[in-house]
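For reference, the structure is listed below as structure tokens.
Bear in mind that the values in this text are calculations on the coordinates, not laboratory data. Remember, predicted model here, so these are calculated numbers, not experimental data. When we count neighbours, we look across all protein chains shown, and the Cβ atoms used for this are built from the backbone with ideal geometry, even at glycine.
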DNA sequence: CCGCTACGGGG
DNA sequence: GGGTACGTAGCGG
């Protein structure tokens with residue numbers, strides 16, 4: 001960090017750059033806290049801007065008549081630099097509060113701690129807002145803003161093209177995204193040692209390893225490979241580094257190996273060494289000057305709920321988002337190749353992972369950046385944040401922009417208490433009419449919960465207000481009421497982003513679908529949708545500042561009320577209601593055109609809905625299969641499959657076909673489902689019968705019937721013995737090493753005892769050993785009956 | 001039935 | 001660095 005001004009006469013300069021990252025540091029000489037703003041200019045040069053004009057502070061609301069006493073006490077503290085008196089809205093009321101400035105960010109908590117119990121203190125506020133976040137909020141700066149900086153350029157020996165000490169910072173209006181230099185990398189690890197590293201950027205790809213290999217740079221050993229890794233990152237000088245699970249895996253291994261092998265990890269632009277930052281139970285790899293975007297946490301927290309992959313693996317995610325998968329090679333295959341020296345396979349495998357990662361980044365990075373813009377959090381943070389914190393940072397900003405102090409964050413005991421609350425009643429579910437149906441229309445409420453929060457003014461401060469007229473405004477089937485006179489904090493700002501989203505959507509109409517402008521606007525509106533939808537959950541989130549279980553509970557009650565009304569109206573109109581869940585209703589008609597009837601119904605309902613509530617016609621389907629939600633004690637969330645007139649199939653909730661099912665069973669269910677939707681039940685039954693025969697006559701391969709499970713931890717750490725653990729222990733006794741991460745492939749054999757006792761490793765088994773009965777009833781027929789059972793088929797119908 | 005622990009992704 | 005995930009499956013009591 002350059003802290004000294006250069007000896008040469010300082011050069012005044014002006015730069016315009018797009019903000020990508022921020023941090024802060026304390027200058028050792030002056031003791032001042034310096035905010036670091038990191039970004040790139042129009043030419044793609046990396047810029048570091050230093051701003052020492054911002055001071056840390058927090059707020060105190062004093063008790064009546066005790067202000068003087070409090071100020072005197074505060075002035076005695078060596079940590080306090082000055083005290084201002086300002087006007088802010090506190091819990092709905094305008095108050096005069098003390099703004100207490102302190103020497104360094106860490107002092108806010110210390111000073112607050114020393115005064116919070118004084119009887120002159122009524123409340124303390126915003127003492128735990130991170131300094132760079134505080135800075136961005138107060139200055140109205142959002143990530144990806146273009147900033148115009150006037151200042152002095154400082155000589156530096158860092159990888160930044162320019163380091164500027166800011167004198168003034170102005171926001172510009174451009175919303176353009178800069179061209180970023182993005183580098184993806186992936187490592188392969190065997191026995192906790194790095195064996196290979198691959199990189200892919202726009203015009204660059206490389207593989208490092210230390211066994212002789214074609215198409216790779218062959219290093220002397222692991223240490224030299226790590227050194228080359230550092231060199232290559234610096235040569236490529238990326239603005240963004242992308243990984244898939246780099247926080248918890250790749251960077252973690254790299255750090256450990258670099259430690260062991262004594263390789264300084266100078267990956268940062270300021271020439272410092274990589275450090276991990278604690279984020280909850282996990283560590284994130286945060287680089288200085290380069291944003292490390294780990295796609296895994298982003299997909300896990302933000303995208304997973306909207307998508308339908310079975311697991312968040314690079315393979316499944318790539319298949320869904322890119323329509324392509326990893327190479328045909330399995331991990332075991334790769335391992336085999338490494339051990340036997342078939343290096344071209346390993347190189348291909350490793351490089352492909354980086355290729356997929358960068359392709360995913362092409363799609364996901366714009367989403368991360370728009371989410372940053374919408375939430376006000378840096379890309380590094382917004383890509384790792386859980387919904388609760390993401391929503392909260394948005395409202396914190398709105399508070400600052402509207403002179404409103406955020407409620408104090410709940411303390412540990414309070415969070416615990418909130419967590420222990422009995423769960424409240426959620427959305428309404430109408431059990432599906434099991435079977436195959438035709439001429440189906442699906443309706444859903446557009447952004448149901450956000451619309452309800454806005455329409456009914458649900459917010460912590462509007463709950464059970466004192467106004468006489470509001471008291472009759474009861475939530476359906478609840479004792480609660482919400483204010484009808486004064487707009488609440490949450491509904492006000494939620495409404496404004498919903499309107500902003502509509503405005504973006506109407507602007508999108510000016511561009512042709514799929515154009516660059518259209519795509520950027522689309523990402524922007526999707527990011528806002530994510531925030532808006534998460535606000536409902538935020539009201540009931542235990543860590544929330546704007547916590548109101550009553551508001552969340554009421555949103556659910558209003559939701560149930562409206563969906564039930566819609567069901568009643570649909571029935572009155574002559575539809576048969578097949579299924580309903582929370583915000584969607586599935587109906588069918590026996591006579592007339594489903595399209596026409598559905599459109600008329602939608603219009604009619606919308607005329608009767610209050611506020612901003614709106615029912616949408618989600619789609620028309622030629623055929624649909626609905627299966628029971630309860631099978632024994634197991635309750636599926638949503639389980640149906642639909643086909644439209646173009647033959648497009650939508651499947652929900654059959655995902656129970658995951659682990660513990662063999663490939664043959666998985667494939668069979670897939671085929672059966674499609675055939676049923678194509679109204680070809682006889683062919684579906686034939687397929688099942690055929691599979692049954694194959695199992696009975698042992699005309700299958702081991703791989704068809706193998707179940708694969710990975711050892712998630714060391715074998716000794718398992719207390720419970722599932723089938724894969726039993727197999728692993730058997731293998732270990734035979735002298736095989738069974739480290740964490742070993743994939744156990746097993747089949748169930750004939751004989752007596754539990755499934756675990758009868759599980760055997762695949763490599764020692766012949767096709768005559770498997771238990772026909774188990775595969776018939778617990779795999780093939782089980783999976784087939786999930787689909788065909790709802791159509792009245794019994795086991796005996798599916799066997800010859 | 002409840003409460004606790006371990007897990008995920010990566011290799 | 002006053003930012004310390006999170007929701008759930010599966011086990012044992």
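How far, in nm, would the chain grow between residue A:703 and residue A:729 when pulled straight, counting 0.36 nm per residue and subtracting the alpha carbon separation?
7.2 nm
Once both labels are modelled 7 Å past Cα along the beta-carbon direction, what's the residue A:764-residue A:155 spacing in nm?
The two pseudo-label positions are separated by 7.2 nm.
May I ask you to derive the FRET efficiency for residue A:329 and residue A:614 from their Cβ-Cβ distance with R0 = 41 Å, giving the value to the nearest 0.05?
Between residue A:329 and residue A:614 the formula returns 0.25.
Enter the mean projected area of the convex hull around the alpha-carbon atoms of region A:352-412, in nm², rounded to one decimal.
The number I arrive at for region A:352-412 is 5.4 nm².
How large, in Å, is chain A by the Kirkwood hydrodynamic radius built from its alpha-carbon pairs?
Result for chain A stands at 30.4 Å.
Given points 7 Å out from each Cα along the Cα-Cβ axis, report the residue A:429 to residue A:606 separation in nanometres with one decimal.
Going from the residue A:429 label point to the residue A:606 one covers 3.0 nm.
Just the number, please: percent antiparallel of the DSSP beta bridges in region A:182-301, rounded to the nearest 5.
That works out to approximately 70 percent antiparallel.
Of the DSSP beta bridges with both residues in chain A, give the percent that are antiparallel, rounding to the nearest 5.
Antiparallel: roughly 90 percent of the beta bridges in chain A.
Which residues in region A:179-220 place their backbone N less than 20 Å from a point set 7 Å from the Cα of residue A:737 along the Cα-to-Cβ direction?
Under cut-off, by backbone N: A:188-197, A:210-212.
Sort A:93-105, A:678-690 for me by packing, meaning the mean count of neighbouring Cβ atoms within 10 Å per residue, highest on top.
A:93-105, A:678-690
Determine the shape class of region A:141-266: with a ≥ b ≥ c the square roots of the Cα gyration tensor eigenvalues, call it rounded for a/c under 1.5, and otherwise prolate if a/b is greater than b/c, oblate otherwise.
Here region A:141-266 falls in the prolate category.
In whole Å, what are the Cα extents of region A:84-137 along the three principal axes, biggest one first?
28, 26, 18
Relative to the present Cα-Cα distance, how much length would full extension add between residue A:191 and residue A:512 at 0.36 nm per residue of separation?
110.4 nm
For region A:478-545 and region A:206-269, what is the centre-to-centre distance using only Cα atoms, to the nearest Å?
The distance from the Cα centre of region A:478-545 to that of region A:206-269 comes to 41 Å.
How high is the relative contact order of chain A, in percent, with contacts defined as C-alpha pairs under 8 Å that are six or more residues apart?
Across chain A, relative contact order equals 9 percent.
Hey, what number do you get for chain A at 222 nm if only DSSP H runs of n ≥ 4 count, each worth -39500 (n - 2.57), divided across all residues, to the nearest 500?
So the calculated ellipticity at 222 nm is -11000 deg cm²/dmol.
Taking the Cβ-Cβ separation of residue A:220 and residue A:282 as r and a Förster radius of 35 Å, what is the calculated FRET efficiency to the nearest 0.05?
0.55
Can you bin region A:434-562 into rounded, prolate or oblate? Criterion: square roots of the alpha carbon gyration tensor eigenvalues sorted a ≥ b ≥ c, rounded for a/c under 1.5, prolate for a/b above b/c, oblate for the rest.
Oblate.
Return the FRET efficiency for the residue pair residue A:95, residue A:667: r is the Cβ-Cβ distance, R0 is 56 Å, and the value is rounded to the nearest 0.05.
Computed FRET efficiency for residue A:95 and residue A:667 comes out at 0.25.
Could you work out how far apart the two model spin labels at residue A:649 and residue A:503 are, taking each label as a point 7 Å from the Cα in the direction of the beta carbon, and quote it in nm?
Taking the simple label geometry, residue A:649 and residue A:503 are separated by 4.5 nm.
Give, in nm to one decimal, the length gained when the segment between residue A:26 and residue A:64 is fully stretched (0.36 nm per residue of separation minus the Cα-Cα distance).
Gain on stretching residue A:26 to residue A:64: 10.0 nm.
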